[in-house]
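First comes the structure, then the notes that go with it.
The values are calculated or read from the model by the stated rules, or taken from the named source; none is laboratory data. Bear in mind that the values here come from a model prediction, so they are computed numbers and not experimental data. Neighbour counts are summed over all protein chains in view; Cβ atoms, including those assigned to glycine, are modelled from backbone coordinates with ideal geometry.
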Amino acid sequence: MSIVCAHQYRIYPTKEQADLLTRTFGCARLVYNMALEHWRDAHKAEQRLIPFRELSAMLPTWKGKLPFLKEVSSVPLQQAIRHLNEAIGNFFQKRGKYPSFKSKSGHQSATFMRNAFKIADGDLTLAKMPHPLRVVWSRPLLGHPSTVTITKDPAGRWFASLQFECAHKVVPAPSNAAIGVDVGLIDIAVTSCGKRYKAPRYLSQRLHSLKRAQRALARKKNGSRNREKAKQRVARLHSKVADQRRDFTHKLSTNLIRDNQAIYVEDLDVGPLGRTFLARAIYDAGWGMLRRQLKYKASWYGRSLIKVPKHYPSTRKCSNCGIIGQKKPLPVRTWTCHGCGAEHDRDMNAAINILAAGHAVSACGEVLSPVPEMDRQPS
């Protein structure tokens, strides 16, 4: 069984190559927006869904009206329409939001298929580009890629993302059969076997510098070159924080997946929690990123990732006797069970309860803890 994975490499285009790629980004964005506008008008007027073939057939007409579209490769333009078609499908299948128009600010990207790039002797050459790009090959290629996506982030950095089809990754047998993981803000992960992973809080470390850079940006005149430079400084600080957080969660998720056959986590809804007073701390910890990485790495390595229902009282339940106590505020890190007198660390107790609930979910499809038991008092 094969899996689809992608490796990202840093690239350093020349001035001419950067100009061509920037024009490619703009043309792909324009085609995407025109296709979305046409689809919206047709859907509103005729109440029908326009298929990809009909949208793609309009590309030659747009090239006739806008000759500059012919100056770039046609493959990224076709892929922009395909991405719109996928976004529309995700919306109607309730996997994504309603498609919106692309902006020239923020991340820019263009996708090239196999017929629009060439890799030979360690050189990557794109269509309409006479010379190869300068690529930092930070890891070996897994074969010939099926697609190459060129991106430019708000910090001005260029990347090439190469997509491969490769076999399932073989890893050694895990040392643990199963583990429960409780996520938090002080410790991003506490496991049922006693391990704690401290939350690094990368955003908090750079918050002072970020505030100063944003205040400097607010003082700059709109449309001036100094404002663009200030925006770049703010974007670079954000990119450093994002890179550090991504690197940390990748190492943590790989460690958890490789050492355990089954990982039980709480099915927390990060969206509503991100609208509370804890929003900055939650997003700084990277709960959603960690869970997403655990999900696809579990499928890669043949592990099981099982979610415990979010309403399960993992914090309130005594892992020793099973009695469920009162709701505990966040400052309470340790508590004593009023039934058996056991002393509990809040996060460790929750991780042990998540492990037990995970076994119930994997065995029966549900947590074996009826709702009336939540109000049970010791006899």
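Some notes on this structure:
- Matching residues in the stretch 85-123 - criterion: being under 18 Å from residue 154 (Cβ atoms), touching a strand residue (DSSP E or B) at 6+ places or on another chain (Cβ under 7 Å) and small (Gly, Ala, Ser): 109, 110
- Evaluating residue 213 against the criteria (1) over 29 Å from residue 356 (Cβ atoms); (2) out of contact with any Leu (no Cβ under 9 Å at 6 or more places or on another chain); (3) not charged (D, E, K, R); (4) not assigned by TED's automatic domain parsing to the domain that holds residue 107 leaves one unmet condition, (2).
- Of all residues in the stretch 39-52, those that are surrounded by fewer than 16 Cβ atoms within 10 Å (Cβ to Cβ) and modelled with pLDDT of 85 or more total 7.
- Each residue in the stretch 110-139 was checked for being farther than 19 Å from residue 70 by Cβ and assigned to a helix (DSSP H, G or I), and 1 of them qualify.
Residues are listed down the side, and each one gets a yes or a no for (1) closer than 30 Å to residue 319 by Cβ; (2) among the small types (Gly, Ala, Ser):
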residue: 165; (1), (2): no, no
residue: 178; (1), (2): yes, yes
residue: 182; (1), (2): yes, no
residue: 187; (1), (2): yes, no
residue: 197; (1), (2): yes, no
residue: 200; (1), (2): yes, no
residue: 208; (1), (2): no, no
residue: 212; (1), (2): no, no
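- Test set (1) closer than 25 Å to residue 104 by Cα; (2) without any contact (Cβ under 8 Å) to a residue 60 or more places away in the chain - residue 143 fails condition number: (1)
- For the stretch 269-286, a residue qualifies if it is in contact (Cβ under 8 Å) with a residue 40 or more places away in the chain, surrounded by fewer than 17 Cβ atoms within 10 Å (Cβ to Cβ) and not in a helix (DSSP H, G or I), and the qualifying residues are 269, 278.
- Listed here are the helices (runs of 4 or more DSSP H) enclosed by the stretch 1-109 that have at least 3 residues being among the charged types (D, E, K, R): 15-46.
- Number of the condition not met by residue 20 [criteria: (1) closer than 27 Å to residue 162 by Cβ; (2) in contact with a Phe, Trp or Tyr (Cβ under 7 Å, 6 or more places away or on another chain); (3) surrounded by 14 or more Cβ atoms within 10 Å (Cβ to Cβ); (4) aliphatic (A, V, I, L, M)]: (2)
- Once the stretch 117-164 is narrowed to residues that are surrounded by fewer than 17 Cβ atoms within 10 Å (Cβ to Cβ) and of a type in the set (D, E, K, R), the residue that is modelled with the lowest pLDDT is 121.
- Check on residue 162, over 20 Å from residue 40 (Cβ atoms), in contact (Cβ under 8 Å) with a residue 40 or more places away in the chain, touching a Phe, Trp or Tyr at 6+ places or on another chain (Cβ under 6 Å) and assigned by TED's automatic domain parsing to the domain that holds residue 50: no
- Selected residue [surrounded by fewer than 18 Cβ atoms within 10 Å (Cβ to Cβ) and out of contact with any Lys or Arg (no Cβ under 6 Å at 6 or more places or on another chain)] from 290, 256, 330: 330
- Residue in the stretch 24-39 that is in contact with a Cys (Cβ under 7 Å, 6 or more places away or on another chain) and under 22 Å from residue 125 (Cα atoms) present: no
- Scanning the stretch 321-345 for residues that are within 23 Å of residue 196 (Cα to Cα) and of a type in the set (A, V, I, L, M, F, W, C) gives 330, 332, 335, 337, 342.
- Single residue of the stretch 87-102 satisfying the filter (of a type outside the set (A, V, I, L, M, F, W, C) and surrounded by 13 or more Cβ atoms within 10 Å (Cβ to Cβ)) that is farthest from residue 35 (Cα to Cα): 96
- Test: residue in the stretch 24-32 that is touching a residue at least 24 places away in the same chain (Cβ under 8 Å), surrounded by 20 or more Cβ atoms within 10 Å (Cβ to Cβ) and of a type in the set (Phe, Trp, Tyr): yes
- Residue within the stretch 61-74 that is assigned by TED's automatic domain parsing to the domain that holds residue 157, more than 19 Å from residue 130 (Cα to Cα), within 29 Å of the chain's Cα centre (by Cα) and touching a residue at least 24 places away in the same chain (Cβ under 8 Å) present: no
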